Amino acid sequence: MTAGTTYSPPAATPSARRRWGGLAVLSASLLVVVMDMTILNLALPAMGEDLRPSSVEQLWIVDIYSLVLAGLLVTASALGDRLGRRRMLVTGFVIFGAASLGVLLADSPASVIAIRVLLGVGGAMIMPSTLSLIRSLFPDARERATALGIWGATAAAGGALGPIVGGALLQNFSWHSAFLFNVPVMVVAVVAALMLLPESRSDRPGRLDPLATGLSIVGMVGLVYAIKELGKDGITVEVLVIGLVGAALLAGFVLRCLRAAEPMLEIRLFRGRGFTAGVLTALITSFAMVAALLLISQWLQLVQGWSPLASGVALLPMAVGGLVGSPLAPVVAQRIGPRTVLVGGLAIGAVGFLLLFLLPQPLSYAGIAASLTLIGIGTAPLAVASAVIMAGAPVDKAGSAAAIEESSYEIGAALGITVLGSLAAAVYRAGLPADAPAQARESLAGALTLDNPTLAGIARTAFTDSLTWFGLSGGVLMLAVAGLVLYLTPRTLDLSATHH
């Protein structure tokens, strides 16, 4: 899925039964990838009690998956174009399932991080392959639009099912079940993919560029590591050097793509203002949503003392907001324009975050539920953002546009957890006594394991304070991006000819 890639359907278009059966396989694979992220959020408190990770290790456990996935998306797309998209998808299923099974051997934070790295590799193979195969399965534009709508709605369903399934598993089993859940699903997915999906390759596969791949992955890891350490220990020479090196490597990746005749990623698409606005909307929405799920799920369990299952159900308002708003957003965009829908969605999401800051103390679940609902509604215009992205790319650049779109979601998730998560961790530590034990300063879960009720109460208050300041920072950031999207998106943008 790189610049110049073409999407050729199989020699014989599959029957309707096989097409929709194949879509079910592709949607189910996306469902598992999305659910895996939300289930892990619920498993963190139990995992923290068992493995005692530091705050930085805990952040790495959460976002190394998205980081690896985002870094490898472009490469995986190019390999799928060359070697076969079904082959890439099935390989991703196998790696995802094998890594999930490996949790049985995990006995330290480092081993869990390694497993999450492998899950990211598998996810990078799965996600772009699903979009490419949908285009091959559905050569008819109208059918393809319906199929893409179903595929996109699956992500919202994963957000709804993940907390419930995860909560039920963690209520009855150890945190290992959050990973082992994937194994039987991947076995079924491999068999179904081989039976129902045709093989698909590009007639003009893009050029593989190992140097560009290395620059993007190492640069992103370095930058994220620097942000994490900045939130933990403040500015140091080491943090500055690593952050600058990471930024320089990413700049090198961009320059290499700009200079190449057939780059791995068509960076030149960002010259289109509408395209840039769509990518910004996708990135900041993912940035905010994933970070909110992470912090609020921990607040429900560690501050409120709710069970994993109850916490999972309590997160449903966000998914409900998205499920209700998502089908309406494209219809509304046809009437009032995509620009208004994009900006309005970001503004509604910002209000949801600001509500966390404005709610009276102590926080109640009713206020949290209202905030989650507004944040969920704020994700509804993502389908419109996707259409804006694809409308901003020529047909022969559609593959590269799709890779950028998918990358924006994953990079947004990784940066959201890193930036907002690190900010919340810094506020939490500032609220603890200067002589608090290191274990308490690392995380709230660590503070609660100490036999010190007074310190536990202070730590819970500090964590709640960190959640309110997280709401303020997230809300201000989303409002700023809404203003930028308003400026970038052409008032007369027409999506009627979008070639998604």
Residue count, the range 303-323, condition assigned to a helix (DSSP H, G or I), within 24 Å of TRP175 (Cα to Cα) and open to solvent by less than 20 Å² (accessible area, probe 1.4 Å), comes to 5
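Could you tell me how many of the residues in the range 91-120 are assigned to a helix (DSSP H, G or I) and open to solvent by less than 20 Å² (accessible area, probe 1.4 Å)? Write out each step before concluding.
To start, the set of residues in the range 91-120 that are assigned to a helix (DSSP H, G or I) comprises 91-105, 109-120.
If we keep only those that are open to solvent by less than 20 Å² (accessible area, probe 1.4 Å) as well, we get 92-93, 96-97, 99-100, 103, 109, 112, 115-116, 119-120.
So the count comes out to 13.
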Of those in the range 435-461 that are among the charged types (D, E, K, R) and under 29 Å from the mean Cα position of the chain (by Cα), the residue least open to solvent (accessible area, probe 1.4 Å) is GLU442
Of the candidates ARG87, ARG142, ARG135, the one satisfying the condition of being open to solvent by 20 Å² or more (accessible area, probe 1.4 Å), modelled with pLDDT of 80 or more and of a type in the set (D, E, K, R) is ARG87
Within the range 311-357, the count of residues that are under 28 Å from LEU295 (Cα atoms), over 21 Å from the mean Cα position of the chain (by Cα) and not aliphatic (A, V, I, L, M) comes to 2
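Go over the candidates PRO45, PRO9, PRO53 one by one and state the one that is open to solvent by 10 Å² or more (accessible area, probe 1.4 Å), modelled with pLDDT of 75 or more and more than 21 Å from the chain's Cα centre (by Cα). Give the derivation first.
On the way: PRO45 fails: more than 21 Å from the chain's Cα centre (by Cα); PRO9 fails: modelled with pLDDT of 75 or more.
So the residue among PRO45, PRO9, PRO53 that is open to solvent by 10 Å² or more (accessible area, probe 1.4 Å), modelled with pLDDT of 75 or more and more than 21 Å from the chain's Cα centre (by Cα) is PRO53.
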Selection from the range 456-475 of residues among the polar types (S, T, N, Q) and free of Cβ contacts under 8 Å to residues at least 24 places away in the same chain yields none
Filter the range 462-496 for residues that are of a type in the set (Val, Ile, Thr) and surrounded by fewer than 16 Cβ atoms within 10 Å (Cβ to Cβ); the one that is modelled with the lowest pLDDT is THR492
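Can you tell me which residue among ARG19, ARG116 is within 17 Å of SER177 (Cβ to Cβ), basic (Lys, Arg) and touching a helix residue (DSSP H, G or I) at 6+ places or on another chain (Cβ under 6 Å)? Steps first, answer last, please.
Working: ARG19 fails: within 17 Å of SER177 (Cβ to Cβ).
ARG116 is the lone residue from the list that is within 17 Å of SER177 (Cβ to Cβ), basic (Lys, Arg) and touching a helix residue (DSSP H, G or I) at 6+ places or on another chain (Cβ under 6 Å).
Would you pick out the residues in the range 324-333 that are open to solvent by 20 Å² or more (accessible area, probe 1.4 Å), in a helix (DSSP H, G or I) and in contact (Cβ under 8 Å) with a residue 24 or more places away in the chain? Reasoning before the result, please.
First, the residues of the range 324-333 that are open to solvent by 20 Å² or more (accessible area, probe 1.4 Å): 324, 326-328, 330-332.
Remaining after also requiring in a helix (DSSP H, G or I): 324, 328, 330-332.
Scanning the range 324-333 gives VAL324, LEU328, PRO330.
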Taking the range 65-103 and keeping residues over 23 Å from ASP209 (Cα atoms) and within 17 Å of the chain's Cα centre (by Cα) leaves PHE96
When the range 195-214 is checked residue by residue, the ones that are open to solvent by less than 40 Å² (accessible area, probe 1.4 Å) and at pLDDT 70 or above are LEU197, PRO198, SER200, ASP209, ALA212, THR213, GLY214
With criteria (1) of a type in the set (Lys, Arg); (2) within 24 Å of the chain's Cα centre (by Cα); (3) over 30 Å from THR379 (Cα atoms), ARG207 comes up short on (2)
Counting only residues that are more than 12 Å from TYR225 (Cβ to Cβ), surrounded by fewer than 17 Cβ atoms within 10 Å (Cβ to Cβ) and charged (D, E, K, R), the range 238-259 contains a total of 1
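Could you go through the range 52-66 and let me know if any residue there is of a type in the set (A, V, I, L, M, F, W, C) and over 19 Å from ILE217 (Cβ atoms). Step through it out loud before you land on a result.
Filtering the range 52-66 for residues of a type in the set (A, V, I, L, M, F, W, C) gives 56, 59-62, 64.
Then drop every residue that is not over 19 Å from ILE217 (Cβ atoms), which leaves 56.
For the range 52-66, residues of a type in the set (A, V, I, L, M, F, W, C) and over 19 Å from ILE217 (Cβ atoms): present.
Residues LEU423, LEU432, LEU382, LEU358: which one is within 30 Å of ARG268 (Cβ to Cβ), open to solvent by 10 Å² or more (accessible area, probe 1.4 Å) and modelled with pLDDT of 75 or more? Step through it out loud before you land on a result.
Details: LEU423 fails: within 30 Å of ARG268 (Cβ to Cβ); LEU432 fails: within 30 Å of ARG268 (Cβ to Cβ); LEU358 fails: within 30 Å of ARG268 (Cβ to Cβ).
Testing whether each residue is within 30 Å of ARG268 (Cβ to Cβ), open to solvent by 10 Å² or more (accessible area, probe 1.4 Å) and modelled with pLDDT of 75 or more leaves just LEU382.
The values are calculated or read from the model by the stated rules, or taken from the named source; none is laboratory data. In this text the structure is predicted, and so the values were computed from the model without any measurement. All Cβ positions, glycine included, derive from the backbone under ideal geometry; neighbour counts span all protein chains shown. Surface areas here come from the heavy atoms of the whole protein model, side chains and all, with no ligands, DNA or RNA. Shrake-Rupley method; radii C 1.70, N 1.55, O 1.52, S 1.80 Å.
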